Structure formats: C-alpha cells, structure tokens
C-alpha cells in the first residue's frame with residue numbers, strides 16, 4: 001500500500017506527501033537563473049540533498065523544472081514537486097512568491113475517505129439527489145484569502161485542487177487542514 | 001496561442017496500454033495513475049437475465065467487469081485480453097473494440113465537469129514493436145471518441161521505452177520494459193533506435209506459469225489454476241538468485257532458513273514451502289534466464305517453453321536470457337555509443353518488482369544486480385543498471401511529462417511519428 005496521500009491521517013497532514021505542479025511568471029532578467037534562485041531560497045530552510053533523477057532533492061520534498069516559456073518581458077516557469085510534505089509546499093510557494101506576485105498551485109488528493117457529498121455541501125452546491133452520485137463535479141471553496149477550485153472525480157476517489165495564491169493568501173498547509181476537516185469521512 | 005498552450009497543460013492525459021493493465025489519468029494524478037485490467041468481456045446478450053433486467057452492453061470493461069462474468073466455460077471466448085503480446089493483429093476486431101471501450105472508460109472517469117473543457121490532450125503509449133497500423137487504428141478510435149464523447153482534443157502516441165526515458169530525463173540509455181506478457185529491450189539515443197530493439201516473449205505471466213507448476217508439486221493443484229492466487233503467491237515467495245546453483249544448494253541444506261508461509265488475506269488458505277523452499281529461487285531465475293537445466297523437468301512434464309513467435313514484423317525471442325538480449329540490442333548500435341548505453345540501463349515494468357529479503361541477501365538479489373551479473377557473464381563490465389522509480393507507472397509518468405512539454409502547435413508527422421493529431425478545435 002502506498003503511503004502517499006493516505007487520507008486516513010486526517011489530523012496529521014504533515015505526514016502525507018503530495019505530487020503536483022507550481023506555475024508562476026517572473027520578470028525576464030538576463031543571467032538570472034530563476035530555478036537556481038528558487039532552490040537557494042528553499043535551501044535556507046531545508047537541507048538540500050543534491051539532484052536525483054533530475055529533481056532537486058530536499059529533506060521533505062523534491063522539485064524539478066517541467067517547462068520554461070520565454071515571453072516578451074517575462075518568463076513563465078512550470079515546476080513539478082513530488083514526495084512533498086505540506087511544509088515543503090509552503091516553502092516552495094513562499095520562494096515562488098519572492099519572484100512573482102502570484103502563483104498557481106495544483107495537486108491531488110486520493111483516497112476512499114473523501115466525502116464527496118460533504119464537499120458539495122461545503123461549497124454550497126445543492127445535491128438534489130436526482131443526478132448520478134458518481135458524476136464528476138467542480139466547486140470553488142469559500143476560503144478567505146485564496147482562490148481554490150476543486151475538481152472532484154468520485155469514480156477515481158480523487159480531488160484535484162487548483163489554488164491561485166499570493167502573499168496574502170492562506171498557506172497550502174492551511175488550505176489542506178481546512179479541507180481535510182471538512183471533507184474527510186470520520 | 002498562449003491560451004491554447006495553457007489549456008493543454010491543464011488537460012494533459014496519459015494512457016499506457018500495458019499487456020496486463022491499462023494505467024491512465026491526467027497529470028493531476030501525481031505519481032500514481034488509475035489502473036484497470038487491459039481486458040474486456042463480451043457478454044452473452046441472449047441470456048434471459050440480460051433481456052429482462054438490463055440494457056444490453058456489447059462490451060464490459062473496468063472495475064465492474066467481474067460482476068458481468070457468466071459461466072466459466074465461456075470465459076476463454078468471451079473474456080479477451082487484447083494486448084497480451086503488446087501487439088493487436090490488424091483484423092482482430094474484437095480486440096480493437098475492447099481497446100476503444102477501455103479508452104472511452106479511462107477518459108470518462110476524468111472528464112471534468114467544467115464548461116471550458118474541450119477535450120484532453122491525450123498521450124498514449126504503445127509497445128516499441130507496435131507496427132504502424134496500430135498507430136493508425138488507435139488514431140481512428142480516438143477520432144471517433146472525440147466526435148462522440150468530446151473527451152479528446154488532440155492525441156499523440158509514443159513508444160513505451162521512450163516514455164520511461166522521458167520520466168527519468170534520460171536521453172541516452174537502454175530501457176528494458178518488462179510487463180506481464182513480454183519484454184522490450186530498447187536503446188535510446190534521443191529517440192528509440194528502432195532497428196536495435198530486441199523483443200523477448202517472456203514476462204510476468206511466465207513466472208506465474210512456473211509458480212503454478214511449483215504449487216501443483218506442493219499439492220495445491222486446485223488453487224494453481226486461479227491466476228490471481230498464483231500471481232499473489234509469486235509476488236510473495238519469489239526470489240531472484242545471485243547464483244541459482246549455490247542458492248538451491250544452500251536452501252536444500254537448510255530449508256528452515258529459506259522457508260516461507262503465505263496466507264491468502266481474508267481466507268483460511270495458506271501454503272508453506274517447507275523442504276521445497278529452494279523452489280523460490282526458480283521463479284526469479286526463470287524470468288531472467290530460463291536456460292538452466294533445472295527448468296527442463298518442468299518442460300518435460302508439460303509446462304510450455306517460451307517460444308520464438310512472430311507478431312507483425314517482429315520476432316519475439318522465447319529463451320534468450322536478459323543479459324544476452326541487452327547485449328544483442330546494444331551491439332546493433334554504433335560502437336561509440338555502446339559504452340554510454342551500458343552505463344545507463346533503466347529497468348521498468350511490474351515484472352522487475354521483486355521482494356528482497358535482508359537475511360538472504362547472500363543468495364537473493366534485486367533486478368539491477370541480476371542484470372549486471374548476467375552482463376558480466378558476457379564480459380561486459382562498467383554497467384550501471386537501475387530500477388525506474390515506481391516501475392509500474394513510469395510509462396504513464398513519461399506520457400504526461402511528454403504531453404506537458406510538446407508544444408500544442410506541433411502537428412503529428414507520420415515520418416517522425418511525433419506531434420499532436422488534432423480532432424477538436
């Protein structure tokens with residue numbers, strides 16, 4: 001049984017690991033390697049363990065550059081993180097927000113403990129009981145200081161989160177804590 | 001233009017048509033995709049129960065399939081595994097219909113309820129020995145799904161070993177992908193070197209067959225016919241020997257040390273090897289090298305020997321050992337490239353996931369070490385073999401990473417066999 005994203009540990013989110021992507025745009029400055037800047041920022045708080053299979057590896061997570069798109073006056077970075085604990089995602093977002101005003105975080109939670117009915121209720125979506133319960137749906141979570149969209153896939157027992165974050169937003173670990181309290185089966 | 005690129009990144013979807021399982025899902029699945037068995041059931045629609053209670057379905061696939069199974073006698077003709085050898089014959093219509101149904105099933109599980117959704121950018125992966133007509137048929141299927149379900153905006157197909165290499169960011173390597181039905185050895189130098197691919201007609205299914213024979217010898221003949229049970233036993237007891245002769249000798253001398261008991265979860269069934277604990281090593285060895293004389297007794301008693309078979313234009317070698325297969329493949333590449341290839345051998349696929357027992361490490365080893373030992377036997381040193389991270393899923397991972405990176409406006413090119421084939425605007 002895979003340990004990652006085991007949603008049974010509802011009150012111990014620090015023990016779970018996540019895989020996802022982080023996207024942000026930054027000013028296009030010549031001779032500045034944005035990924036190295038990001039890695040240096042992370043290394044201030046986490047022990048850097050070197051590169052493994054193309055990933056920059058830290059104590060509580062790994063990150064790699066998936067894609068880099070050069071625009072006129074800015075560059076857009078697409079990063080992938082994996083085996084990441086919430087604390088690592090917090091730090092990664094913090095490091096990205098040193099370079100950008102906003103970043104987009106995407107990751108998934110998978111497990112039989114997800115209560116899809118509760119998710120609908122939290123978001124204010126009315127379940128009229130008529131439709132197919134296993135049908136996919138989208139909701140926006142009413143969280144202060146963060147725009148969080150959730151795509152729900154009941155047949156795959158999976159939620160995908162897409163969060164648009166800025167410096168004033170809740171941290172990813174806080175978003176997770178709120179989500180877990182509300183939509184995991186007791 | 002930028003918007004389309006963003007759209008593609010949001011809706012990249014990978015699907016790996018393995019010989020035994022189909023692994024699928026969007027990039028948001030993270031490291032573990034959704035999995036379903038690569039099989040379909042064609043129910044007897046004349047059954048009265050069907051007529052009375054259900055809207056007849058032509059083909060059943062996915063998680064609910066066992067609920068539709070009818071008599072055991074019908075299973076061989078109605079329960080079809082379309083890709084047992086990684087290749088589907090051009091005119092095997094039943095198999096193609098099952099592939100279509102499986103593809104629809106996979107895409108619909110993750111079809112977003114978002115109005116902005118206009119279909120996935122689908123990256124499919126096929127065996128490296130798949131002939132061109134398989135690509136053509138698959139694109140035809142995708143075109144139909146795009147029209148009818150709206151779940152595919154564009155699609156591309158890549159060979160499985162390339163997907164493994166992409167997942168590991170390896171541009172020069174040999175990928176050995178071993179699944180249930182067969183094994184592909186494929187050198188990669190930026191792109192698969194097609195004329196150097198060696199296909200082996202041996203995979204996890206063969207280790208199951210040998211495990212079944214071992215179970216019969218132990219007196220569990222009735223259980224040995226149930227494939228899922230045999231597979232569970234294999235995964236629990238099988239070991240890869242460092243040296244088969246020495247391991248067997250040691251296990252015969254001290255069977256208690258090597259003994260193992262396996263209890264089937266949720267049942268009263270348990271098996272114990274006892275004095276036959278030495279047979280644990282046969283299971284692992286058979287995958288890597290079935291030429292040892294000890295296997296002869298099983299062949300003599302009726303276990304079928306992995307045969308050389310021709311499928312499409314490819315000959316799948318039955319009895320070649322994995323060391324020789326890698327050697328043969330690498331030696332078809334330019335001499336200057338060969339040392340670089342030996343230095344990065346990536347082992348991928350569920351057939352390389354074997355248990356390791358710390359107390360028996362003198363006799364039992366892991367798959368990369370076994371490959372190094374086999375190559376050493378051919379006087380090839382300076383070899384670096386490693387397991388793909390999550391070997392069962394690395395093809396799928398490579399698919400989604402590839403889809404994420406290939407520009408949206410790069411159109412499919414039949415000569416280069418790459419790019420996006422677009423179906424919906």
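Observations
- Residue check, residue B:111 in contact with a strand residue (DSSP E or B) (Cβ under 9 Å, 6 or more places away or on another chain), at pLDDT 90 or above, more than 23 Å from residue B:58 (Cα to Cα) and part of a loop (DSSP other than H, G, I, E, B): no
- Enumeration of residues in the range B:100-120 that are buried (at least 23 other Cβ atoms within 10 Å of the Cβ) and away from chain A (no Cβ under 14 Å): B:102, B:103, B:119
- Filter pass, residue B:168 being surrounded by 21 or more Cβ atoms within 10 Å (Cβ to Cβ) and within 14 Å of another protein chain (Cβ to nearest Cβ): yes
- Residue list for the range B:147-197, restricted to those being closer than 26 Å to residue B:231 by Cα and part of a strand (DSSP E or B): B:175, B:176, B:177, B:178, B:183, B:184, B:185
- Applying the condition of being part of a loop (DSSP other than H, G, I, E, B) and over 14 Å from the mean Cα position of the chain (by Cα) to the range A:155-186 and asking which residue is modelled with the lowest pLDDT yields A:186.
Yes or no, residue by residue, for (1) in contact (Cβ under 8 Å) with a residue 40 or more places away in the chain; (2) under 20 Å from the mean Cα position of the chain (by Cα); (3) within 30 Å of residue A:64 (Cα to Cα):
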site	(1), (2), (3)
B:164	yes, yes, yes
B:178	yes, yes, yes
B:200	yes, yes, no
B:225	no, no, no
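- The helices (runs of 4 or more DSSP H) found wholly in the range B:320-402 and carrying at least 1 residues that are without any contact (Cβ under 8 Å) to a residue 40 or more places away in the chain occupy B:338-342, B:367-376.
- Single unsatisfied condition, residue B:55 versus (1) surrounded by fewer than 23 Cβ atoms within 10 Å (Cβ to Cβ); (2) assigned to a loop (DSSP other than H, G, I, E, B); (3) modelled with pLDDT of 85 or more: (3)
- From the options B:231, B:144, B:202, residue that is more than 30 Å from residue B:424 (Cα to Cα) and part of a helix (DSSP H, G or I): B:231
- Whichever residue in the range B:299-309 is outside any loop (DSSP other than H, G, I, E, B) and more than 19 Å from the chain's Cα centre (by Cα) and, among such residues, is surrounded by the fewest Cβ atoms within 10 Å (Cβ to Cβ): B:300
- Whichever residue in the range A:61-82 is surrounded by fewer than 19 Cβ atoms within 10 Å (Cβ to Cβ) and over 21 Å from residue B:405 (Cβ atoms) and, among such residues, is farthest from the other protein chains (Cβ to nearest Cβ): A:73
- Within the range A:9-32, considering residues that are surrounded by 12 or more Cβ atoms within 10 Å (Cβ to Cβ), away from chain B (no Cβ under 14 Å) and in a loop (DSSP other than H, G, I, E, B), the one modelled with the highest pLDDT: A:28
- Residue check, residue B:17 farther than 18 Å from residue B:100 by Cβ and at pLDDT 85 or above: no
The values are calculated or read from the model by the stated rules, or taken from the named source; none is laboratory data. Just so it is clear, the model here is predicted, and its values are computed rather than measured. Virtual Cβ from ideal backbone geometry, glycine too; neighbours counted across all protein chains shown.
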